[in-house]
Structure formats: C-alpha cells, structure tokens
1. Determine the gain in length on full extension of the stretch Leu161-Ala205; use 0.36 nm per residue of separation and subtract their C-alpha separation, reporting nm with one decimal.
2. Using per-residue counts of other Cβ atoms within 10 Å, averaged over each peptide, order 15-27, 147-159, 221-233, 105-117 from highest down.
3. Between Arg293 and Ala126, what FRET efficiency follows from the Cβ-Cβ distance if R0 is 22 Å, with the result rounded to 0.05?
4. Which three extents, in angstrom, do the Cα atoms of the chain have along their principal axes, listed largest first?
5. For Ala269, what is the net charge nearby, where nearby means another residue's Cβ is under 10 Å from its Cβ and Lys, Arg count +1, Asp, Glu -1?
6. Ignoring everything except DSSP H segments at least 4 long, calculate the 222 nm mean residue ellipticity for the chain; use -39,500 (n - 2.57) per segment, divide by total residues, nearest 500.
7. Between region 247-290 and region 11-76, how far is it from one alpha carbon centroid to the other, in angstrom?
8. Using a basic spin-label model with each label point 7 Å from the Cα along Cα→Cβ, how many nm lie between Thr264 and Asp91?
Amino acid sequence: MTFQAALKNTANEIEVMLDGLLSLETSRAPRVTEAMRYSALAQGKRLRPFFVSESARILGADRQQALRVGAALECIHCYSLVHDDLPAMDDDDLRRGKPTCHIAYDEATAILAGDGLLTVAFEIVADPATHKDGAVRAELALELARASGHNGMVGGQMLDLAAEQKHSHDLDEIIAIQSLKTGALFRFSLEGGAILAQAGADDRATMRTFADKIGLAFQIADDILDVESSPEQLGKATQKDADAGKATFIDLFGLDGARQKAGTLADEACDLLAAYGDKADTLREAARFIVERKN
Ligand code: GRG
C-alpha cells in the first residue's frame with residue numbers, strides 16, 4: 001500500500017474511532033463535548049496516529065490497539081492546537097480551514113475543550129481495550145504524560161514563548177525548543193507502537209531516533225510553509241513567525257538551506273530503517289512526505 005493510501009486509511013479509522021470515543025449521546029455536558037468534537041473531528045492529516053500504526057505494524061502489534069493509542073495522541077495534539085490558538089497564545093482565527101474553537105464557541109469553552117481532550121487521552125490509554133496487560137497501559141500513559149507535559153510539549157511551548165520575547169536566534173536553542181514542542185509527540189508516536197508491541201530496547205531506540213529526525217524535519221517544513229504558503233492552502237494563518245518575532249530555521253539557514261537541511265534529515269531517518277527492509281517502505285515515504293508536503 002502506498003503512503004498516501006495508508007495515511008488516508010488511518011485517518012478514516014481514527015475519525016470513526018474519535019467519533020465513538022467523544023460521543024455526544026453519553027455526554028453529560030454537551031457543549032464541551034461538541035467543542036471537543038468540533039476540533040478533534042476537523043480535517044487534520046492524522047500524521048501522529050499514522051506513525052503509531054506504522055511502528056506497531058512493523059514491530060508486530062495489534063492494529064486496533066495501535067489505533068486507540070493513535071486516537072489518544074491525536075486528542076493531545078488537538079488540545080494543543082485549541083490552546084495554542086487562544087488569544088493568550090497565538091491568537092488565531094483559522095485552524096484546519098475552519099474558525100478556531102474559541103471563535104466558534106467562546107474562550108472558556110475552548111479552554112475546557114482543550115482540557116477535556118487532554119484528559120480523555122489518558123482515559124483512552126488506561127482503558128483495558130488498549131492492551132490487556134496493565135503494565136503496558138501504564139507505560140503508555142507514563143510516556144504519553146512525559147511527552148505532553150512540562151518536560152515535553154508544554155515545556156517546549158513555554159520556552160518558545162520566552163524565546164519570542166528575547167528574539168533569540170541560536171540554532172541549538174531552536175533545536176532544543178522544537179525537540180520538545182513538536183518533537184516529543186512524534187517521539188511518542190513512534191515509540192507508542194513499540195511499547196504496544198513490547199519491542200526490545202534496540203527497536204525502541206531506532207524508532208525514537210527516527211522520530212527525532214522527522215520531528216525536526218517537520219518543524220523546518222512548517223517554517224518553510226509559514227513563509228511560502230497561503231491560509232487557503234494551509235487552513236491556518238501564515239507569516240505568523242515573522243510577525244511574532246519568532247526565531248525560525250529560515251533565519252538561520254535561509255530558504256534553500258532550510259529545504260536542504262530538512263531533506264538531509266529525511267534521508268538520515270530513512271537510513272535508520274535498514275533493518276526492517278521493505279516492511280518500512282511506507283515509513284520511508286512518510287519521511288519524504290514530511291519535507292515535501294504542501295499543507
Ligand atoms: C498550547 C500546550 C500547548 C502547546 C502548544 C504543538 C504546539 C504547542 C502548538 C501547535 C501550534 C503549531 C502550529 C505548532 C507547529 C507545528 C505543528 C504542531 C503544526 C500542526 O501539526 P499538523 O501539521 O496539523 O500535523 P494537522 O492539522 O494536520 O493535525
């Protein structure tokens with residue numbers, strides 16, 4: 001199966017799963033559930049669940065279980081987008097081609113919808129349907145919390161806000177920030193499949209290193225799209241980084257240099273998968289897509 005077909009399949013399955021997990025029928029507070037559904041069921045690429053399902057497939061874990069872990073991770077990703085769009089953060093009106101959650105609802109509802117998505121992620125992972133072995137579920141919850149929290153994505157967002165204030169343009173600092181802000185969830189996506197498969201230390205390390213390379217390549221591509229693309233194409237505002245005084249990889253490498261750096265990272269990521277042979281072809285295509293994508 002080609003990468004595009006596999007991504008589409010996973011996206012469809014994740015949307016069906018999220019539709020069931022975020023059920024309005026069983027909701028005791030329909031407004032917040034509606035806002036959660038509004039953001040989580042909006043058209044996203046579902047890259048992170050795709051990576052969970054691919055690492056699970058390559059390492060021999062069950063697909064339905066991998067989809068549950070992917071759905072949990074997508075909930076965390078969507079919560080971060082909802083909160084990131086709030087007036088106190090990026091103050092954006094457009095996300096995934098639609099009004100952002102606080103515009104469609106209101107700020108308090110958007111904050112609660114983000115909180116709801118964050119917590120439901122752990123409800124999904126801790127449910128016995130995710131894995132029969134409680135130790136596996138506990139490890140998934142632990143790593144997901146580490147990736148999402150103050151020493152992961154939340155910490156990266158904090159450092160990013162601070163760097164904006166001091167207009168910092170130091171390469172090591174930008175890499176360190178991005179490795180937390182966007183890299184941590186990619187790391188969990190590839191390690192999550194390995195945890196489900198109860199894979200050994202070598203496989204887990206390979207998946208983590210692959211994730212670090214593509215996570216950084218993803219962020220460089222994001223910086224390029226912010227400069228070169230349009231809100232119509234991306235479904236979100238562009239030219240945000242310069243306006244916010246954010247230090248980006250383009251400031252450091254220039255546009256061509258940034259493109260080259262992202263390509264090199266994708267090559268290095270693909271090389272890491274040699275031991276998995278053809279089985280990892282879709283993952284290799286995904287690494288290329290990360291740097292060549294148009295949205
Ligand atoms: C507010 C706790 C908190 C964290 C925010 C990751 C993050 C930290 C904010 C997201 C804002 C942003 C635009 C970050 C740049 C990289 C990124 C995560 C882009 C969006 O991811 P895609 O392209 O989006 O996978 P889709 O919509 O396809 O899921």
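None of the figures in this text is laboratory data; all of them are computed from the coordinates on show. Remember, it's a predicted structure, so these values are computed and weren't measured experimentally. Positions of Cβ are backbone-derived with ideal geometry, glycine not excepted, and every protein chain shown enters the neighbour counts.
1. Contour length minus Cα-Cα distance gives 12.8 nm.
2. Result, highest mean Cβ count within 10 Å first: 105-117, 147-159, 221-233, 15-27.
3. The value I calculate is 0.10.
4. 49, 48, 33
5. Net local charge, Ala269 excluded: -1.
6. That calculation yields -23500 deg cm²/dmol at 222 nm.
7. 26 Å
8. 3.8 nm
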